[in-house]
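Colleague: After the structure tokens below, expect a handful of questions from me.
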Amino acid sequence: MRTLTVTLADEAATLALGAGLAQALVPGLLLTLSGELGAGKTTLCRGIVQGLGHRGAVKSPTYTLVEPYEHTRVPVYHFDLYRLGDPEELELLGFRDYLGGDGVCLVEWPERGRGFLPAADLAITMSAQGDGRRVTLEAATPIAGDVLAALDHG
């Protein structure tokens, strides 16, 4: 539907992109973040969560699978599926209960949930590029397209 590709010079730029995304996010969105280890997925999530008003630490939920941030402008449910043993574990985790509600779901390593994870509203792919990062954001729904439009013109 709509695609935006940006090059980020460093961690600060990644956090700034996350904060910019946060300003345009609306409840009910599913964002997936793909890329190799060290591509900056958790840093981008940190920028989003902090951009929504969270003032504490933002850690990767690698071992807990989900970290909720419910006292933000829009509640955020940050998932990291890296250590997911089987996609069916998403059912046991109650993943569907998080979707389409009053919050936004951020899912790192979405390919590990293939078959149980619905299509993303906004699919984000990150890769290292020198000292920086290349980020491609692909909106699959009109609402996610509006998010990208706001980000691109903000």
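The values are calculated or read from the model by the stated rules, or taken from the named source; none is laboratory data. The model shown is predicted, which means the values in this text are computed figures rather than measured ones. FYI the Cβ positions are ideal-geometry reconstructions off the backbone, even for glycines, and counts take in every protein chain you see.
Colleague: Which of the numbered conditions does residue 38 fail, given that it passes all the others? Conditions: (1) farther than 19 Å from residue 102 by Cα; (2) without any contact (Cβ under 8 Å) to a residue 60 or more places away in the chain; (3) surrounded by fewer than 18 Cβ atoms within 10 Å (Cβ to Cβ).
Modeller: The single condition residue 38 does not satisfy is (2).
Colleague: Please enumerate the residues belonging to the stretch 6-25 that are of a type in the set (Val, Ile, Thr) and either under 11 Å from residue 124 (Cβ atoms) or in contact with a helix residue (DSSP H, G or I) (Cβ under 6 Å, 6 or more places away or on another chain) (or both).
Modeller: Result: 6, 14.
Colleague: Now a separate question. For residues that are surrounded by fewer than 21 Cβ atoms within 10 Å (Cβ to Cβ) and either polar (S, T, N, Q) or modelled with pLDDT of 95 or more (or both), tally how many sit in the stretch 115-138.
Modeller: 7
Colleague: Residue 85 fails exactly one of the following numbered conditions: (1) without any contact (Cβ under 8 Å) to a residue 12 or more places away in the chain; (2) over 22 Å from residue 118 (Cβ atoms). What is the number of that condition?
Modeller: Of (1) without any contact (Cβ under 8 Å) to a residue 12 or more places away in the chain; (2) over 22 Å from residue 118 (Cβ atoms), only one is false for residue 85: (2).
Colleague: With farther than 24 Å from residue 37 by Cβ, touching a residue at least 40 places away in the same chain (Cβ under 8 Å) and touching a Cys at 6+ places or on another chain (Cβ under 8 Å) as the only criterion, which of 99, 151 stands out?
Modeller: 99
Colleague: Moving to a separate point now. Where residues in the stretch 9-35 are free of Cβ contacts under 8 Å to residues at least 60 places away in the same chain and under 13 Å from the mean Cα position of the chain (by Cα), which of them is surrounded by the fewest Cβ atoms within 10 Å (Cβ to Cβ)?
Modeller: Among residues in the stretch 9-35 that are free of Cβ contacts under 8 Å to residues at least 60 places away in the same chain and under 13 Å from the mean Cα position of the chain (by Cα), the one surrounded by the fewest Cβ atoms within 10 Å (Cβ to Cβ) is 19.
Colleague: Can you find a residue in the stretch 62-72 that is within 20 Å of residue 137 (Cα to Cα) and either hydrophobic (A, V, I, L, M, F, W, C) or not in a loop (DSSP other than H, G, I, E, B) (or both)?
Modeller: no
Colleague: Looking at the stretch 75-114, which of the residues that are crowded, with 20+ Cβ neighbours inside 10 Å and of a type in the set (Asp, Glu) is nearest to residue 30 (Cα to Cα)?
Modeller: Of everything passing the filter in the stretch 75-114, 108 is nearest to residue 30 (Cα to Cα).
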